[in-house]
Amino acid sequence: ERKLILSPLERMAICCIFFEPSSRTMESFGVAANKLGAFTRNLVGERDGKTGEWVIPYSSMIKGETFEDTIATLSTFYDAIVIRHPVIGKVAIAADHSVVPVINGGDGIGEHPTQGLLDLFTIYNELGEVDGKHIVLVGDPKNGRTIHSLIKILTHYDVKVTIVAPEQLMLQEEYREEAKRAGILKEETTEFERVIPTADIVYMTRVQGERFPNNPEGQAAYERVKDAYIMTPEIMATAKPKMALMHPLPRKNEIDTRCDADTRSAYKHRQMRNGLYIREALLAAVLGKV
Ligand code: NCD
């Protein structure tokens, strides 16, 4: 008989190292770890005003210690490390220098795998099934790492994926090819309202303003696309009665707050809470306790 372990991570220590802002990922990892009996610390990084390097304030990174050596050091104290970094591939480098598991909490415009897992779980939970569903991903598939990770995960299922984005923000070739190879890519289009009535999931995303060049042209380009697609109650009215509306959050204008009260809106509470459950499960799995 299997004994239920209430605190599988008792006396363990988890470190969240975040070089980019976070409300959900960092907090839900912290609460998940605490609920399982571990204690946590958050180390918040920033760009050094003088050198332009990404550093943890008051750590030896200020004295010029490398990212690699810093991670090697921290990994000797902690049982697992969660990292978010603006530079694509940096989390993988951290994993190479750590002696404990490293979890990717988002790497630049690369991936956000734990968001992908919680999104998959939300689709399953909302619809009771993943296979056979039509999933519409809207907004910024070019820069949106949550879309990248969700596509990778969905290649393991028998789904149809439609991408809705302005021409400039369409999927990068790598992800398009992956989706095509798996036979899940139904369509890439700029027409939002046309596809909504056939969607089982509508997954809205924020246009990633911080990924546009920080100059007048870049900001003008962002202004042109930032409100390209906005979900409203009027558009919700054309969707299936059992459609689920998702968003990794934070939202800007892309979901009208009047949609929040619709029972099909999963983003407001259910999707986020699933992030807590998924991260609890992941920590327990990664630390060998399930
Ligand atoms: C996302 C992210 O950081 O990639 N947020 C999240 O973790 N839920 C989405 C975003 O910032 O647009």
| task | Kindly indicate whether any position in the range 42-51 is part of a helix (DSSP H, G or I) and either hydroxyl-bearing (Ser, Thr, Tyr) or within 16 Å of the ligand (Cβ to nearest atom) (or both). | result | no
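Can you name every residue in the range 114-149 that is within 11 Å of the ligand (Cβ to nearest atom), under 10 Å from the mean Cα position of the chain (by Cα) and not β-branched (Val, Ile, Thr)? Before you say what the answer is, go through the steps one by one.
Here is the first cut: in the range 114-149, the residues within 11 Å of the ligand (Cβ to nearest atom) are 114-116, 118-119, 139-140, 143-149.
Now narrow it down to the ones that are under 10 Å from the mean Cα position of the chain (by Cα): 114-116, 118-119, 144-149.
Matches in the range 114-149: GLN115, GLY116, LEU118, ASP119, GLY144, ARG145, HIS148, SER149.
Yes/no matrix, rows are residues, columns are (1) surrounded by 15 or more Cβ atoms within 10 Å (Cβ to Cβ); (2) in contact with a strand residue (DSSP E or B) (Cβ under 6 Å, 6 or more places away or on another chain):
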| residue | (1), (2) |
| --- | --- |
| ILE201 | yes, yes |
| PRO213 | no, no |
| ALA228 | yes, no |
| HIS247 | yes, yes |
| query | Out of the residues in the range 1-30 that are among the β-branched types (Val, Ile, Thr) and surrounded by 15 or more Cβ atoms within 10 Å (Cβ to Cβ), which is nearest to the ligand (Cβ to nearest atom)? | reply | THR25
| task | Kindly establish whether GLU111 is touching a His at 6+ places or on another chain (Cβ under 7 Å), surrounded by 19 or more Cβ atoms within 10 Å (Cβ to Cβ) and at pLDDT 95 or above. | result | yes
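The values are calculated or read from the model by the stated rules, or taken from the named source; none is laboratory data. These numbers come from a predicted model, not from an experiment. Heads up, the Cβs are rebuilt from the backbone with ideal geometry, glycines too, and the neighbour counts pull from every protein chain shown.
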